[in-house]
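J.: Pasting in a structure now, in structure tokens, and then I'll have a few things to ask.
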Amino acid sequence: MSIESFWSAILHFLAQGLSGATWWQALLVGLVFTHLTIVSVTLYLHRHSAHRALDLHPALAHVFRAWLWLTTGMKTKDWTAIHRKHHAKCEQAGDPHSPVVFGIKKVFWQGAELYRAEAQNPDTLARYGHGTPDDWIERRLYSRWPQVGIVLMLFIYLALFGALGLALWAMQMVWIPFWAAGVVNGIGHYWGYRNFESPDASTNVSPWGIVIGGEELHNNHHTYPTSAKFSVKPYEFDIGWAYIRALSVFGLARARKTPPKPAFGAVRPVADADTLEALIAHRYEVMAAYAQQMRATVAAELAGLQAGCADADALRAVRRWLHRDDAQVPPQHQAQVQQVRAQHPRLAQMHAMREELRQLWSHSARSREQLAQDLHAWCQRAEASGIAALQEFSQRVRALRPVAALPSALA
């Protein structure tokens, strides 16, 4: 072979690699590879390993492990332990990557560094990393040589696509640090909408969980952390759950838990111990329904005010916070919220009764019978309040049923 032919072959390889793919075909393969990495993280690391919400066939679980070794170099034990600690210490000192603790800029831009720093904490790994793989290949390859997989993936990209493979490999390397560490851990505790008042700052970044495999529905996940399904509302979509359903058809996956759904029967004359049990079991959904009633009451109050008056402007300015837990109201809005409640007795009463309702699952010292009596008294006061939203909500509470207590036609 002449020198000219040799260099021609080298240039052809650098231009197209062994695959001969065009740039857009190579990009498409790169996006498929990054999506497979996202799927491996959400199904294997998150739902299966960290929360035990999902059972995976051992062969499929190992495919996910091998792929993550190639594309991220992350160790199952490290990721699992750090994520479990995040839930245990959420938004408190000790949370490995909370924007409330570290600030949104640090978590968004340096989330991967926070992850690596926490992975060096032996106490975190020992306390939260139990139940993760400890077989021969984990000890001798995946955990011992995590960087080898990344380098091997670089060679695979270069062999397939030539010089363009380097750019695709770089995209692969930043995909998880950006989307998981930056967007989910950062934006998912800073900006978005909330279906539920979970005891943290988690938000749903988007109702359509596609790009990050369903992890966009972060508030739903923090509300029901042991659920294999992240979507809860009819308009939400969790592509990770779609994959689980497809895999379950072939016996490769099995969901252990999904979000509980409140069950309703006829309205009982007395809110009893069974009503209390159902209320506590479905407290997040119940409080979300209460928030809807509060928003409807705010809208009614606004409709009764003259447009452009100061009272209407003040109410409109804080309307998004009136149905939230007091701890979730930003400090700069707290005085305004208190002022609006003082000017609108119906809103003040609904807020006060909301806090009373929340105490029913916070008073661990009171007996079941005492709490049932408290619930019945709450319903009586709500229905005697003269506020239509409270009266309607009270009847909905008295219709709640534990699932096991329902006739089969209603279950």
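The values are calculated or read from the model by the stated rules, or taken from the named source; none is laboratory data. This one's a predicted model, so the numbers in the text were calculated from it and none came from an experiment. Counting neighbours? That spans all protein chains shown, and the Cβs are built from the backbone with ideal geometry, glycine included. Calculation scope for accessible area: heavy atoms of the full protein, side chains included, ligands and nucleic acids excluded. Shrake-Rupley method; radii C 1.70, N 1.55, O 1.52, S 1.80 Å.
J.: Roughly what angle does helix 23-39 make with the longest principal axis of the chain, taking Cα atoms, 0 to 90 degrees, to the nearest 10?
T.: Value to nearest ten degrees: 50.
J.: Assuming 0.36 nm per residue, please report the length gained on full extension of the stretch TRP24 to LYS233 beyond their Cα-Cα distance. Each step should come with its number before you reach the end.
T.: On the way: separation 209, 0.36 × 209 = 75.24 nm, distance 3.61 nm.
Extra length available between TRP24 and LYS233 comes to 71.6 nm.
J.: Is the C-alpha gyration tensor of the stretch 112-209 telling us rounded, prolate or oblate? Criteria: a/c under 1.5 is rounded; beyond that, a/b larger than b/c is prolate, otherwise oblate. Numbers along the way, then the final one.
T.: Details: a/c = 2.73, a/b = 1.28, b/c = 2.13.
Note, shape of the stretch 112-209 comes out oblate.
J.: How many percent of all Cα-Cα pairs in the stretch 177-225 sit more than 17 Å apart? Each step should come with its number before you reach the end.
T.: Values: 230 of 1176 pairs.
Distances greater than 17 Å cover 20 percent of the Cα pairs.
J.: Hey, if we sort ILE38, ILE280 by accessible area with the 1.4 Å probe, largest down, what's the order? Intermediate results must be reported in sequence, preceding the final value.
T.: Details: ILE38 5, ILE280 50 Å².
The most accessible residue leads, giving ILE280, ILE38.
J.: If amide H atoms are built 1.01 Å from N in the plane of the peptide, which residues on other chains or at least 5 residues away come under 5 Å of the amide H of GLY209?
T.: PHE237, ASP238, ILE239
J.: Rounded to the nearest 500, what is the chain's calculated 222 nm mean residue ellipticity when only DSSP H runs of at least 4 contribute -39500 (n - 2.57) each, over all residues? Please report the intermediate quantities before stating the final value.
T.: Working: 18 runs with 225 residues, N = 411.
-17000 deg cm²/dmol, from helical runs alone.
J.: Determine, for the chain, the count of lysine pairs separated by eight or more sequence positions (or lying on different chains) whose alpha-carbon distance falls under 14 Å. Walk me through the numbers on the way to the answer.
T.: Working: LYS77/LYS85; LYS229/LYS257; LYS229/LYS261; LYS233/LYS261.
Here the count comes out as 4.
J.: Would you mind calculating the relative contact order of the stretch 179-247 from Cα pairs under 8 angstrom and at least 6 residues apart, reporting the percent as a whole number? Walk me through the intermediate numbers first.
T.: Numbers: 119 pairs, mean separation 17.8, N = 69.
The value is 26 percent.
J.: How high is the relative contact order of the chain, in percent, with contacts defined as C-alpha pairs under 8 Å that are six or more residues apart?
T.: Details: 561 pairs, mean separation 65.4, N = 411.
With pairs under 8 Å counted, the relative contact order is 16 percent.
J.: A further question on this structure: Go ahead and run the numbers for FRET between ALA296 and ARG116, Cβ-Cβ distance against an R0 of 56 Å, rounding to 0.05. Don't skip to the answer; put the middle values down first.
T.: Numbers: r = 47 Å, r/R0 = 0.85.
Step by step, r from the Cβ atoms, then E = 0.75.
J.: Here is a further query. Can you grab the distance from the C-alpha centre of the stretch 161-235 to the C-alpha centre of the stretch 72-101, Å, no decimals?
T.: About 15 Å separates the Cα centre of the stretch 161-235 from the one of the stretch 72-101.
J.: Round to the nearest 10 and report in Å² the accessible area of THR72, as given by a 1.4 Å probe over the protein chains' heavy atoms.
T.: Roll a 1.4 Å probe over it and THR72 shows about 30 Å².
J.: When N counts the residues of the chain, how does its alpha-carbon radius of gyration compare numerically with 2.2 N^0.38 Å, as a ratio?
T.: On the way: Rg = 26.2 Å, N = 411, 2.2 N^0.38 = 21.7 Å.
Against the empirical 2.2 N^0.38 Å value, I get 1.21 for the chain.
J.: Relative to a virtual label point 7 Å from the Cα of LYS105 in the Cα→beta-carbon direction, which members of the stretch 185-206 show backbone nitrogen distances below 18 Å?
T.: Zone members listed by number: 186-187, 190-191.
J.: In whole Å and largest first, what semi-axes does the C-alpha gyration tensor of the stretch 260-411 yield when each eigenvalue is scaled by 5 and square-rooted?
T.: Numbers: eigenvalues 193, 52, 37 Å².
In descending order, the three semi-axes are 31, 16, 14 Å.
J.: Given contacts defined as C-alpha pairs under 8 Å and at least six residues apart, what's the relative contact order of the stretch 227-287, whole-number percent? Before the final figure, lay out each step's value.
T.: Working: 33 pairs, mean separation 18.6, N = 61.
The normalised contact order for the stretch 227-287 reaches 31 percent.
J.: If I take R0 = 25 Å and measure r between the Cβ atoms of GLN332 and LYS261 in this structure, what FRET efficiency does the formula 1/(1 + (r/R0)^6) give, to the nearest 0.05?
T.: Values: r = 37 Å, r/R0 = 1.48.
For GLN332 and LYS261, the calculated efficiency is 0.10.
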